[in-house]
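Step one of this worksheet: look at the structure below.
The values are calculated or read from the model by the stated rules, or taken from the named source; none is laboratory data. Only a predicted model underlies this, so the values are computations on that prediction, with no experimental measurement involved. Counting neighbours? That spans all protein chains shown, and the Cβs are built from the backbone with ideal geometry, glycine included.
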Amino acid sequence: PPRTAARLLDKLVGEFLEETCINPTFICDHPQIMSPLAKYHRSATGLTERFELFVMRKEVCNAYTELNDPAVQRERFEQQAADKAAGDDEAQLVDENFCTALEYGLPPTGGWGMGIDRLTMFLTDSNNIKEVLLFPAMKPDDPNRRHPAAHPSTAGANGEEASSEA
């Protein structure tokens, strides 16, 4: 992953802050660079209106006030798109439909997400999210590798790889 200020900050928070959150702990007012969809803080420059809840060192909930300024949102999306082009897999592309909707006017909104998978991790004392997912998806070692079943021209009648020997 690329070395960005947001990644470094996320790594530092994970190592030095989240690891200490045994009892239910709210981490509030995240930096703007960490929260591309969150609204700027009303009174603290450089921060957003966002919090996360941690229990037993695990993130249980993530919440924030939605950014509804179309110009600022487009600017953040463009920065995210540049980060994605530079190799950041977690960065987002510009969402033109969302930007257009914001231009028509989005009332103040907020949201929070409490993943069932995270809650299940907490209740079962699991350390890896794949331990609790019903269908844990595995990323291929090489995402560009061709899979015979996905390419009919290289697959036999039963979906097996066709042999080059006759």
Positions within region 31-56 being touching an Asp or Glu at 6+ places or on another chain (Cβ under 6 Å), of a type outside the set (A, V, I, L, M, F, W, C) and within 21 Å of Glu18 (Cα to Cα), in sequence order = Glu52
Does any residue of region 104-118 turn out to be charged (D, E, K, R), in contact (Cβ under 8 Å) with a residue 24 or more places away in the chain and either within 24 Å of Arg7 (Cβ to Cβ) or part of a strand (DSSP E or B) (or both)?
-> yes
State yes or no: is Ile33 under 16 Å from Gly113 (Cα atoms) and not in a loop (DSSP other than H, G, I, E, B)?
-> no
Give Gly87, Gly14 a once-over and let me know the one that is out of contact with any Gly (no Cβ under 8 Å at 6 or more places or on another chain), at pLDDT below 95, surrounded by fewer than 17 Cβ atoms within 10 Å (Cβ to Cβ) and assigned to a loop (DSSP other than H, G, I, E, B).
-> Gly87
Please enumerate the residues belonging to region 17-49 that are modelled with pLDDT under 90 and among the aliphatic types (A, V, I, L, M).
-> Ile33, Met34, Leu37
Neighbours by Cβ (under 6 Å, 6+ apart or cross-chain): first from region 56-77, under 13 Å from Leu37 (Cβ atoms); second among the basic types (Lys, Arg) | Tyr64/Arg50; Thr65/Lys39; Leu67/Lys39
Among (1) modelled with pLDDT of 90 or more; (2) over 29 Å from Leu102 (Cα atoms); (3) among the acidic types (Asp, Glu) - the single one Glu59 does not satisfy | (1)
Does Leu8 satisfy the criteria of being crowded, with 17+ Cβ neighbours inside 10 Å, at pLDDT below 95 and either out of contact with any helix residue (DSSP H, G or I) (no Cβ under 7 Å at 6 or more places or on another chain) or not in a helix (DSSP H, G or I) (or both)?
-> no
Which of the residues spanning region 42-75 are under 17 Å from Ala6 (Cβ atoms), touching a Ser or Thr at 6+ places or on another chain (Cβ under 9 Å) and not in a strand (DSSP E or B)?
-> Leu67
Please work out if Tyr64 is among the aromatic types (Phe, Trp, Tyr) and closer than 30 Å to Asp125 by Cα.
-> yes
